[in-house]
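One structure is given below, encoded as structure tokens.
The values are calculated or read from the model by the stated rules, or taken from the named source; none is laboratory data. Just so it is clear, the structure is predicted and the values come from calculations on it, not from any experiment. Here the Cβ positions follow ideal geometry from the backbone for every residue, glycine too, while neighbour counts run over all protein chains shown.
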């Protein structure tokens, strides 16, 4: 199980690197053929980044969950990319976090991913 992430400003990269799991940055053409958790920013007013949408078109069937970063200043659009992806792919939204997340956010993410991976492995 890995964490696949997309980062525009470095915030999501910093979050992903602090988790307890191996991570890979989403680049054009990347395919992931094993279970992964997606960590994505939200762009515009609640949109999924184009590069994330393109990645999911090829690898989304292996996604087991999503976490999303955002900025609380955007109110209802805060981390909304996670809601969109969760609904479209039918995977749980594990966490919404602001910017690069806090240590508590990372702890919650690690616990949620560990529990989810245990559940699907049994």
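What about residue 78, is it out of contact with any strand residue (DSSP E or B) (no Cβ under 7 Å at 6 or more places or on another chain) and surrounded by fewer than 23 Cβ atoms within 10 Å (Cβ to Cβ)?
No: the conditions fail for residue 78.
Provide a single number: the residues in region 64-100 that are at positive phi and over 12 Å from the mean Cα position of the chain (by Cα).
Total satisfying the criteria: 3.
Take region 50-93 and flag every residue that is at pLDDT 95 or above, within 20 Å of residue 105 (Cβ to Cβ) and in a loop (DSSP other than H, G, I, E, B).
91, 92
When you scan region 4-30, how many residues do you find that are in a loop (DSSP other than H, G, I, E, B) and more than 22 Å from residue 121 (Cα to Cα)?
The total comes to 10.
Check off (1) under 20 Å from residue 9 (Cα atoms); (2) touching a residue at least 24 places away in the same chain (Cβ under 8 Å); (3) in a helix (DSSP H, G or I) for residue 114 and give me the number that stays unchecked.
(1)
When you go through (1) over 19 Å from residue 9 (Cβ atoms); (2) assigned to a strand (DSSP E or B) one by one for residue 38, which number turns out not to apply?
(1)
Go through (1) surrounded by fewer than 18 Cβ atoms within 10 Å (Cβ to Cβ); (2) under 22 Å from residue 21 (Cα atoms); (3) touching a strand residue (DSSP E or B) at 6+ places or on another chain (Cβ under 9 Å) one by one and return the number of the condition residue 102 breaks.
(3)
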